[in-house]
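Beneath this line is the structure, given in structure tokens, with notes to follow.
Read-outs: derived from the displayed coordinates by stated rules, not from any lab. Remember, it's a predicted structure, so these values are computed and weren't measured experimentally. A quick note on method: Cβ atoms are made from the backbone with ideal geometry, for glycine too, and the neighbour counts reach across all protein chains shown.
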Amino acid sequence: MKVVIAPDSFKESLSAPEVAQAIAAGWTRARAQDELVLRPMADGGEGTVDAVLAARPGVRRELAVCGPLEQPVKAHWGWLEDATAVIEMAAASGLHWVPEGQRDATRTTSRGTGELIREALDAGAKKIIIGLGGSATNDGGLGLLQALGVSFLDGQGQELGAGGARLAELERIDLSNLDPRLGEVEVEVAADVNNPLCGPHGASAVFGPQKGATPAQVQQLDTALKRFAEVAALALGQDHSLFPGVGAAGGLGFACRAFLKARFRPGIELIAELSELEPALAGASLVITGEGRLDGQSLHGKTPVGVAHVARRAGVPVIALAGSVGEGLAELREVGIEAAFSLAPGPITLADACARAAQELENRAEALARFWSLAQAAR
């Protein structure tokens, strides 16, 4: 029997490859004869590079770049044998680089992500995948574009400094030094939100508070991004600010669409394709997926549901393992997740649950395998 194991990470506990390995170890204790195919997944956020490299030939590379507070950080990215670069925005410009007491969305920069793109171009990339999850920034991609050669000038002709708030001073955009190699590569963005750049559903209003923005700063940033959109429309001849998804990652989606001509795709759909999930399902009898928490909210772009969509097309049933399972299981069954099981053995603190996640995954996977054997024997 063939089983495909395709989980996301358990945040603050295990990476997706570690989750897949733990499930495989537990299943093997009960059914060592089965063929197990591991396809760790991600939704375009943290863990995307490792998930893709677990399934595709390539290497994990590191580069010293500008962090969100303009501090030096070491960011990783993935290089595949077909000259595809896989970049997580969070690796260079993620919220984890900003201590809670220093979170200020008006001044964080996406420059480091632009430096990763430039490094991929230097390596000869033919295609660049950019995952937009987990950002610390609200600069509309200002820093990213500056790293790629775009000049943002104020009324005195001076280059703008870092941070989304500075966009309020923008008078002119000079594209003459934009890296010409960008016209020769295909850029795809993994994003799971449909927000526009500005307004009550825009980048600042919806995501700014998560990055430390006060209500006054949310208004300040929204006004600054509106100014960016106006000046960009003059420079490019088209207003891109209302397209779904351009508000992702503090407006980085806007920079990718308007200036890099990126194609937007749902994160799990793109990562499943990169990880060759669908071909792996050929001949499979079962898919096991999972994530830290599974509930009705998982319907909105989360990995287990994306995996279930792919598995349903292939006619393969799906079972999920999760750190905790909430309400909404009926809705999950409608999209193809036949059953979901929590790892928690009883009342337990979050810290203890994280510490025991690998062992509990093994235990649940072993129990699931034994139950599967009983069900098969009873047929």
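Can you list the residues, at least 5 places off or on another chain, whose amide H is less than 5 Å from the amide H of ALA339, using H built in the peptide plane?
Close amide H contacts, sequence-distant or interchain: ALA320.
When the chain is modelled as a GNM with alpha-carbon springs shorter than 10 Å, which of ASN177, ASN363, ASN138 fluctuates the most?
ASN177
What order do you get for CYS66, CYS354 when you list them from fewest to most C-beta neighbours inside 10 Å?
By the 10 Å Cβ count, ascending: CYS354, CYS66.
Let's test the formula: R0 of 56 Å, r as the Cβ-Cβ distance of LEU234 and HIS96. What FRET efficiency results, to the nearest 0.05?
Working from the Cβ atoms, E equals 0.95.
For a test of understanding, tell me how many lysine pairs in the chain have Cα atoms under 23 Å apart, given they are 8 or more places apart or on different chains.
10
Label points 7 Å out from Cα along the Cβ direction at ALA123 and LEU242: separation in nm?
Spacing of the two 7 Å Cα→Cβ label points: 3.9 nm.
How big, on average over all directions, is the shadow cast by the Cα convex hull of segment 305-379, in nm²?
The orientation-averaged projected area of the Cα hull of segment 305-379 comes to 6.1 nm².
What does the charge count near ASN138 come to, summing +1 for each Lys or Arg and -1 for each Asp or Glu among other residues with Cβ under 12 Å from its Cβ?
Around ASN138, the surrounding residues sum to +1.
Which of MET41, MET1 comes first, and how do the rest follow, when ranked by fewest Cβ neighbours within 10 Å?
Ascending number of Cβ neighbours within 10 Å: MET1, MET41.
On alpha carbon coordinates alone, what is the Rg over Rh value for the chain, Rh being the Kirkwood radius?
For the chain, the value is 1.02.
How high is the FRET efficiency between ARG312 and HIS201 when r is their beta carbon distance and R₀ equals 30 Å, given to the nearest 0.05?
Once the sixth-power term is evaluated, E becomes 0.50.
Given the C-alpha centroids of segment 352-370 and segment 299-339, what is the distance between them in whole angstrom?
Their Cα centres are 19 Å away from one another.
Let me have the 222 nm mean residue ellipticity of the chain computed from DSSP H runs of 4+ only, each contributing -39500 (n - 2.57), with the sum over all residues rounded to the nearest 500.
Calculated at 222 nm, the ellipticity per residue is -11500 deg cm²/dmol.
Using Cα springs under 10 Å in a Gaussian network model of the chain, which residue among LEU144, LEU221, LEU153 shows the largest mean-square fluctuation?
LEU153
Between ASP154 and LYS74, what FRET efficiency comes out of the Förster formula 1/(1 + (r/R0)^6) with R0 = 45 Å and r the beta carbon distance, rounded to 0.05?
0.90
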